[in-house]
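We did not get these values from a lab; they are worked out from the coordinates using the rules stated. Because the structure is predicted, anything quoted here is derived from the model rather than measured. As a convention, Cβ positions derive from the backbone with ideal geometry for all residues, glycine included, and neighbour counts pool all protein chains shown.
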Amino acid sequence: GNQTGALLVQFVLTMKKAQLNEKSTLVKTIVTSDLGANIGRSFGLQIEETLTGFKYIGDKINTYEQTGDKEFVIGYEESYGYLVGTHARDKDAVVASMLICEMAAYYKLQGLSLGDVMDKIYADYGYYDNAVVSYTFEGEAGMEKMAGIMNHLRQNPPKSLGGSPVVEHSDYQSSLSTDLVSGKSAPIDLPKSNVLEYKAENGCKLIVRPSGTEPKIKTYVTAVAADKAVAQEMGQQLIDESAAWMA
């Protein structure tokens, strides 16, 4: 989902480059990789984040139409949801599928596969290794265990991720993001949600979020490095560290 999103961002913005302006905006969820956002920034787009759930991305379109201060170009989430255009307020697999076909044909004429283009994106922006790992906690005792894990992490946030110091942590329930380098905190302008986010100095990121529909805690892992093997090794290390939190 993150890779397809990055490819679509690159392709759509390349095709629309002449139409982009200072209001042009990409919207993604907080658990979606920053790779597509960084591609968007390279095209001069504004980046907005929402909570998990495509309805929040759709809501942004309504807001932009009311205020006129931004123009929606593309929105997506890591769980294979994409929207290009303002004809809908939800993910649109029909348009996304057609765009992927068009994208594949466009690059094929240049002698490139989508895998080749993905490799070029990684070469330009760094290799992003992403993983979503779920931990199941059954029954009433499981719900108590989940609450205990989240409370423990709030009271004892990790100081490092994969050996790199944590430089920022965000609590979407208290709506506060703290820069651990400067010591300054800033409000998070999103609805309150039981989500914790940790960013490391080396660009790695880990998000912890209880599922809203299942007795699970999900961890969203992002490891970033110039080299694929290094990123994958770092990603596995983050998975192992966060798995220990669930014990």
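A few remarks follow.
- Within a straight-line Cα-Cα reach of under 20 Å, Lys60 can be paired with the following aspartates and glutamates, leaving aside sequence neighbours fewer than 8 residues apart in one chain: Glu22, Asp34, Glu48, Glu49, Asp69, Glu71, Glu77, Glu78, Asp90, Asp92, Asp189.
- Between helix 114-125 and the chain: long-axis angle, C-alpha atoms, 0 to 90°, nearest 10: 60
- Within the shell defined by Cβ-Cβ distances under 14 Å, the residues around Tyr82 carry a net charge of -2, with Lys and Arg each +1 and Asp and Glu each -1.
- Helix 2-15 axis, angle to the chain major axis (alpha carbon atoms, nearest 10°): 30
- Rg in Å to one decimal, and Dmax rounded to a whole Å, for the chain via C-alpha atoms: 18.6, 57
- Counting only alpha carbon atoms, the long axis of helix 93-108 and the longest principal axis of the chain meet at about 60°.
- With a cut-off of 15 Å between beta carbons, the residues surrounding Gln46 carry a summed charge of -1, where Lys and Arg count +1 and Asp and Glu -1.
- Prolate/oblate/rounded call for region 159-247, Cα gyration tensor, a/c under 1.5 rounded: oblate
- Cα gyration tensor shape for region 14-102, rounded if a/c is under 1.5, else prolate or oblate: rounded
- Net charge, Leu180 excluded, C-beta distance under 10 Å - Lys, Arg +1, Asp, Glu -1: 0
- A DSSP coil position with no more than 14 other Cβ atoms inside 10 Å describes the following trypsin sites (Lys or Arg not before Pro) in region 1-89: Lys16, Lys23.
- Magnitude of the charge dipole for region 82-229, about its Cα centre and with charges confined to Cβ atoms of Lys, Arg (+1) and Asp, Glu (-1), is about 180 debye.
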